[in-house]
Amino acid sequence: MSRLALTLACWNYDRTRALMEGGVRPDGIDLTYLNLPVEETFFRMLRHREFDVAEISLSSYTVSLFREPAPFVAIPIFPSRFFRHSSIYINANSGIREPKDLVGRRVGTPEFQMTAPVWIRGILSDRYGVPVTSVRYLTGGEEEPGRGEKIELDLPPSIQVEPIGPAQTLSKMLADGEIDALYTARMPSTFRTQPDKVKRLFPDFAAVEKQYFRDTAVFPIMHTVAIRRDVYEANRWIAQSLCKAFAEAQRVAYEDLYVTAALKAMLPWLTSHVEETRALMGEDFWPYGLARNRVTLATFLRYHHEQGLSKRLLQPEELFAPETLEAFKI
C-alpha cells in the first residue's frame, strides 16, 4: 500500500533530528524533511503556503485563525520554546536600568506580531508594570533592511507601531541610540560587536527566568507545527500520525541528553544541566500535547488578545486539530 508523500519544513533540532534522518517515520507517511531556518520557513509558509506541514510561529498561526477560511490547522507539538527575559536588549546610554524605565521609550521589534515580543510585552506588563500601550514600537529588519510584517495587522489606535526607514536596521539603531531597546528572538549582532553600547536588560537572565518558572509554571512556547488546511481536510488521520512521530523523535533526543558513556553534545557539564533542569521542571521538561501546556497556552492567548492581535480571546482547544486532543485507551 502506498504511503502519503508530505513535505515538512523545520529547522535542524535535536528533538526533530530522528525525523530528518529517517530514524522515525510517521505512520503511513513518506516525509521529505526540508531543513530550513525559521525565518525562511515562516515567510514561505505564511506568504505562499509552499509546504504541506511546517514549523510556524505560534503568534502568526494564531493571527491566521481569524482569516476565512483559516489556512492552517496546528497540532500540539512545540519545536521551539524559549524563556525570553534574555531577549530584551538596551542601549547602554539610554538610562534604562530596570524594566519600568522602558515606559515612554522607543523600542524596536522586527515584527510586532512575532511570538517572542508577544511574550516579552506580556511578561513586562504582568510582572513589571510596563503596559503594552506605554511604549512606541518601531518595526523592521534586525540585520537587513526592508523587513515587513508577514501578516497584515489591524491594531487598536492605542498601540503605536511604525516602520523604520528603508535603509535602517534595528541592530545598528540600538547601538547608535536611535532606539532605546530591542525586543527580539535573534541576538542582535551589535551585542557581540559593540558590547559597550548594547547590553541585556537582565544580565543575570538565567536566575530571573528560573524564578519566573517557579512563580508561573510557564515555559514559553514559540513555535508549533501547522498542516496546510487542504492537506489536513483530505487526510485528517495525518494529524495524529505526525503527533506520534514528533513525540517519538523527542523521546530519542531526551535519551541522548542523558548519555554518560560519551557526551553527545559539546557541553562539558551537560549531565549536570539536565539534572538541574529536571529538578526544577520535571522529567518531561519540554512537554507536547494540550494538557501539560494549557496554562502556558492560555497565558499566551491572553497576551495575544490584550495586544490587539486576536479579535477575541481564544481558548487553547481552538488552536489544534480535534483528533490530537484525545487518545485511545486500553
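The values are calculated or read from the model by the stated rules, or taken from the named source; none is laboratory data. Because the structure is predicted, anything quoted here is derived from the model rather than measured. Cβ: placed from backbone, ideal geometry, glycine included. Neighbour counts: every protein chain shown. Note: accessible area is taken over every heavy atom of the protein model, side chains too, but ligands, DNA and RNA are not part of it. Shrake-Rupley method; radii C 1.70, N 1.55, O 1.52, S 1.80 Å.
If you average the alpha carbon positions of segment 301-330 and of segment 132-195, how far apart do those two centres end up, in angstrom?
29 Å
Please list, in order along segment 79-94, the HN-Hα scalar couplings obtained from phi with the Karplus expression 6.51 cos²θ - 1.76 cosθ + 1.60 (θ = phi - 60°), rounded to whole Hz, x for Gly and Pro.
Once θ is set to phi - 60°, the couplings for segment 79-94 become x, 10, 9, 6, 6, 9, 4, 6, 9, 9, 10, 10, 6, 4, 9, 7 Hz.
Considering the chain as a Gaussian network with a 10 Å cut-off on Cα pairs, which listed residue, 179, 29, 75, attains the greatest mean-square fluctuation?
Result: 29 has the largest fluctuation of those listed.
Give me the percent of accessible area attributable to carbon and sulfur for the chain, probe 1.4 angstrom.
On the way: 8260 of 15440 Å².
With neighbouring chains kept in place, the figure for the chain is 53 percent.
Do any trypsin sites (Lys or Arg not before Pro) in segment 282-330 lie in a loop, going by DSSP, with at most 10 other beta-carbon atoms within 10 Å of their beta carbon, and if so which? Could you put the intermediate results ahead of the total?
Working: sites: 292, 294, 302, 311, 312, 329; in loops: 311, 312, 329.
Loop-located and lightly packed - 312, 329.
Spelling out what I want: for every residue of segment 165-175, take phi, set θ = phi - 60°, compute 6.51 cos²θ - 1.76 cosθ + 1.60 (Karplus), and round to whole Hz; glycine and proline get x.
After applying 6.51 cos²θ - 1.76 cosθ + 1.60, I find x, x, 10, 8, 10, 5, 4, 5, 4, 5, 5 Hz.
Pairs 150/210; 210/264; 199/264; 197/264; 150/244; 244/264: which exceed 27 Å Cα-Cα? Please report the intermediate quantities before stating the final value.
Values: 150/210 32 Å; 210/264 25 Å; 199/264 32 Å; 197/264 36 Å; 150/244 30 Å; 244/264 24 Å.
Those over the limit are 150/210; 199/264; 197/264; 150/244.
Taking θ as phi - 60°, what are the ³J(HN,Hα) couplings along segment 100-114 by the Karplus curve (6.51, -1.76, 1.60), each to the nearest whole Hz, with x for Gly and Pro?
Taking θ as phi minus 60°, the curve returns 5, 5, 6, 4, x, 8, 8, 10, x, 7, x, 9, 5, 8, 4 Hz for segment 100-114.
What is the set of long-range amide H partners of residue 7 at a cut-off below 5 Å, with H atoms built 1.01 Å from backbone N?
32, 52, 53
Roughly what % of Cα-Cα distances in segment 80-157 sit above 13 Å, to the whole percent?
Numbers: 2139 of 3003 pairs.
It works out to 71 percent of all Cα pairs.
Computed from the mean reciprocal separation of all distinct C-alpha pairs, what Kirkwood hydrodynamic radius does segment 1-86 have, in Å? Let's see the in-between values first.
Details: mean 1/r = 0.0711 Å⁻¹.
This gives a value of 14.1 Å.
Regarding segment 187-305, what is the average projected area of its C-alpha convex hull, in nm²? It would help to have the intermediate numbers written out before the result.
On the way: hull surface 44.9 nm².
Value for segment 187-305: 11.2 nm².
Over every pair of different alpha-carbon atoms in segment 223-262, take the mean of 1/r and invert it; report that Kirkwood radius in Å.
Numbers: mean 1/r = 0.0829 Å⁻¹.
Kirkwood radius, segment 223-262: 12.1 Å.
Compute the distance in nm between two label points, each set 7 Å from the Cα along the Cα-to-Cβ direction, one at residue 215 and one at residue 244.
Going from the residue 215 label point to the residue 244 one covers 4.2 nm.
Run the numbers on the chain and let me know its relative contact order in percent, using alpha-carbon pairs under 8 Å that are six or more apart.
Details: 573 pairs, mean separation 83.9, N = 330.
With pairs under 8 Å counted, the relative contact order is 25 percent.
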